[in-house]
Amino acid sequence: MTDLVLPPDTNHYGTIFGGRVMAYVDKIAGIAAMRHARKPVVTVSSDSLDFLAPIKVGEAIYLEAFVTYTHTTSMEIYVKIQSEDLMTGEVRMTASSYLTFVAVDEHGKKTEVPPVIPETDEERMHFDTAPERRRLRMERRLERERRMSGTER
């Protein structure tokens, strides 16, 4: 996904709003998840959105997403965000993100997804490190549920 960063997309520093980047990330991750599952999907979590460099007005924002790992009904998606200075051609890595989506059926119930078969070195690296990210995600979820249940107030 590529778009041109215009003045309404930016803050008073002339750089893109973080919330705008977040919307792009969720949208492209959802597309990647639907393409993989060939089913409707919903966003379950965003593990991280790490901003590395600003994207300035007049630059292009370029996002690439792919499914890194699947469990029974869930998919982890990695999103790489880059910027391009359209006058010089300089491309910079500006952010990255991991999100989790779940495939759902016509009744909104979780449904199985196909496995991931990594092909490139980058895909293999994300695939091999995904179980640890999933473990940490599950720990955060259990901790949040414990706090919400009132056992730690």
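Some values worked out for this structure:
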{"quantity": "Test: residue in the range 83-101 that is farther than 30 Å from residue 16 by Cβ and surrounded by 11 or more Cβ atoms within 10 Å (Cβ to Cβ)", "calculated": "no"}
{"quantity": "Members of the range 1-10 that are surrounded by 13 or more Cβ atoms within 10 Å (Cβ to Cβ) and not in a helix (DSSP H, G or I)", "calculated": "1, 3, 5, 10"}
{"quantity": "Subset of the range 121-150 (residues that are of a type in the set (Asp, Glu), surrounded by 10 or more Cβ atoms within 10 Å (Cβ to Cβ) and within 19 Å of the chain's Cα centre (by Cα))", "calculated": "122, 123, 128"}
{"quantity": "Residues of the range 11-26 satisfying the condition of being part of a helix (DSSP H, G or I) and among the aliphatic types (A, V, I, L, M)", "calculated": "21, 22, 23, 25"}
{"quantity": "Looking only at the range 42-56, and only at residues there that are among the small types (Gly, Ala, Ser) and farther than 11 Å from residue 16 by Cα, the one that is surrounded by the fewest Cβ atoms within 10 Å (Cβ to Cβ)", "calculated": "48"}
{"quantity": "Verdict on residue 59 being under 18 Å from the mean Cα position of the chain (by Cα), charged (D, E, K, R) and surrounded by 20 or more Cβ atoms within 10 Å (Cβ to Cβ)", "calculated": "no"}
{"quantity": "Contacts under 7 angstrom Cβ, first residue in the range 111-124 being under 11 Å from residue 36 (Cβ atoms) and modelled with pLDDT of 95 or more, partner among the hydroxyl-bearing types (Ser, Thr, Tyr) and in a loop (DSSP other than H, G, I, E, B), 6 or more apart", "calculated": "113/73"}
{"quantity": "Unmet criterion (only one of (1) at pLDDT 95 or above; (2) in contact with a Ser or Thr (Cβ under 7 Å, 6 or more places away or on another chain)) for residue 58", "calculated": "(2)"}
{"quantity": "Matching residues, the range 1-46, being farther than 21 Å from residue 107 by Cα, touching a residue at least 40 places away in the same chain (Cβ under 8 Å), among the charged types (D, E, K, R) and out of contact with any Lys or Arg (no Cβ under 6 Å at 6 or more places or on another chain)", "calculated": "3, 26"}
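The values are calculated or read from the model by the stated rules, or taken from the named source; none is laboratory data. All of these numbers come straight from a predicted model, not from anything done at the bench. No Cβ is skipped: glycine too gets one built from the backbone with ideal geometry, and neighbour counts run over all protein chains shown.
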